[in-house]
Amino acid sequence: MTSVTENIVKVRDRIAAAATRFGRDPGHIHLIAVSKRQSVEKIRDAIHAGQNDFGENYLQEASEKQDALEAASGLVWHFIGRVQANKTRGIASRFQWVHTIERGRIAERLSRQRPYYAPPLQVCLQVEVTGDPSRPGACMDSLEALAEVVAGLPRIQFRGLMCLPPEETEFERQRAHFRRLRECQAALLGAGFELDVLSAGMSGDLEAAIAEGATHVRIGTAVFGERLLRSD
Ligand SMILES: *Cc1c(COP(=O)(O)O)cnc(C)c1O
């Protein structure tokens, strides 16, 4: 067994234990292996361990890996980095998901540039859950207006919300951030939007995210070990 295989077993055990503890169905919690700044060899190990969903933050780096892994079928690529306007065309054609929509204009570009032969791009809105406007993500007050724009785009399917809170070591503090994401989801559901995804939780806080309803956890170092390669 490779270390990546062992790590995936451990992470799946953590997800299952948290699901049991918080009364969740583990089948409703998807593991996205965040492979930014990890080697293609390690991604291959993860694929052999049955992992299909991968998260990447940089278009250039992701494209090289996707080309190297072209023979591996059935992979699902999630873009989880900041979306720059000049990268939307590549992102729209190379990824099935984008978790980090903060602005309507970016979503409009992605919808326009999504190739006609591909199914709609699955997207989440990134929410800034701490109230600090200098941090990435849409502020909670503007969420409904942003959801209105995104839900109306033809080549995009609005799926849910994502957050990337500051690192906390204490469980209740971690959980407070994710609770706000869940409250934002409840508000949008109340306003009539359909959304079934909460993309929340990383290596250090996945249990707290699952406690607050995460459906997609994005796990990097706990799956692959320390990040080594330089990013672009
Ligand atoms: C890097 C990254 C992760 C994974 O972080 P780990 O702490 O290594 O699990 C998850 N989400 C986003 C948005 C990231 O950039």
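Scanning the range 75-89 for any residue that is closer than 24 Å to Arg12 by Cα, in contact with a helix residue (DSSP H, G or I) (Cβ under 6 Å, 6 or more places away or on another chain) and among the aliphatic types (A, V, I, L, M) turns up nothing. Restricting attention to the range 18-37, the residues that are assigned to a helix (DSSP H, G or I) and touching a residue at least 24 places away in the same chain (Cβ under 8 Å) add up to 4.
Checking each residue in the range 201-229 for being within 18 Å of Glu170 (Cβ to Cβ) and polar (S, T, N, Q) picks out only Ser203.
The set of residues from the range 200-213 being part of a loop (DSSP other than H, G, I, E, B) and near the ligand (Cβ under 10 Å from one of its atoms) comprises Ala200, Gly201, Met202, Ser203, Gly204, Asp205. Remark: pairs (first residue in the range 144-172, under 17 Å from Gln113 (Cβ atoms); second residue open to solvent by 60 Å² or more (accessible area, probe 1.4 Å); Cβ separation under 6 Å; 6+ apart in sequence or on different chains) are absent. Somewhere in the range 214-223, is a residue away from the ligand (no atom under 16 Å from the Cβ), buried (at least 18 other Cβ atoms within 10 Å of the Cβ) and assigned to a helix (DSSP H, G or I)? No, the range 214-223 has no match at all.
Scanning the range 103-121 for residues that are free of Cβ contacts under 8 Å to residues at least 40 places away in the same chain and under 21 Å from Leu188 (Cβ atoms) yields a total of 4.
Here is a yes/no grid of residues against (1) of a type in the set (Val, Ile, Thr); (2) part of a helix (DSSP H, G or I); (3) within 12 Å of the ligand (Cβ to nearest atom); (4) open to solvent by 30 Å² or more (accessible area, probe 1.4 Å):
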{"position": "Gly160", "(1), (2), (3), (4)": "no, no, no, no"}
{"position": "Glu167", "(1), (2), (3), (4)": "no, no, yes, yes"}
{"position": "Arg175", "(1), (2), (3), (4)": "no, yes, no, yes"}
{"position": "Leu188", "(1), (2), (3), (4)": "no, yes, no, no"}
{"position": "Gly192", "(1), (2), (3), (4)": "no, no, no, yes"}
{"position": "Leu198", "(1), (2), (3), (4)": "no, no, no, no"}
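As a summary of the residue check, Asp53 satisfies the conditions (1) at pLDDT 95 or above; (2) away from the ligand (no atom under 16 Å from the Cβ); (3) open to solvent by less than 50 Å² (accessible area, probe 1.4 Å) except for the one numbered (2). Scanning the range 7-59 for residues that are closer than 24 Å to Glu212 by Cβ and among the small types (Gly, Ala, Ser) yields a count of 8.
Considering only residues that are surrounded by fewer than 16 Cβ atoms within 10 Å (Cβ to Cβ) and not in a helix (DSSP H, G or I), look in the range 105-118 and name the one that is nearest to the ligand (Cβ to nearest atom). Checking each candidate, the answer is Ala118.
Condition test on Val11, is it away from the ligand (no atom under 12 Å from the Cβ), surrounded by 13 or more Cβ atoms within 10 Å (Cβ to Cβ) and part of a helix (DSSP H, G or I)? Judged against the criteria, Val11 is not a match.
Among the residues making up the range 66-104, a single one is surrounded by fewer than 16 Cβ atoms within 10 Å (Cβ to Cβ) and within 13 Å of the ligand (Cβ to nearest atom): Arg82.
One residue alone among Ser63, Ser35, Ser3 is under 17 Å from the mean Cα position of the chain (by Cα) and among the hydroxyl-bearing types (Ser, Thr, Tyr), and that residue is Ser35.
Each residue in the range 119-143 was checked for being more than 14 Å from the chain's Cα centre (by Cα) and open to solvent by less than 20 Å² (accessible area, probe 1.4 Å), and 4 pass.
The values are calculated or read from the model by the stated rules, or taken from the named source; none is laboratory data. Since the model is a prediction, treat every value here as computed from it, not as a measurement. Positions of Cβ are backbone-derived with ideal geometry, glycine not excepted, and every protein chain shown enters the neighbour counts. For accessibility, only protein heavy atoms count, side chains too; no ligands or nucleic acids. Shrake-Rupley method; radii C 1.70, N 1.55, O 1.52, S 1.80 Å.
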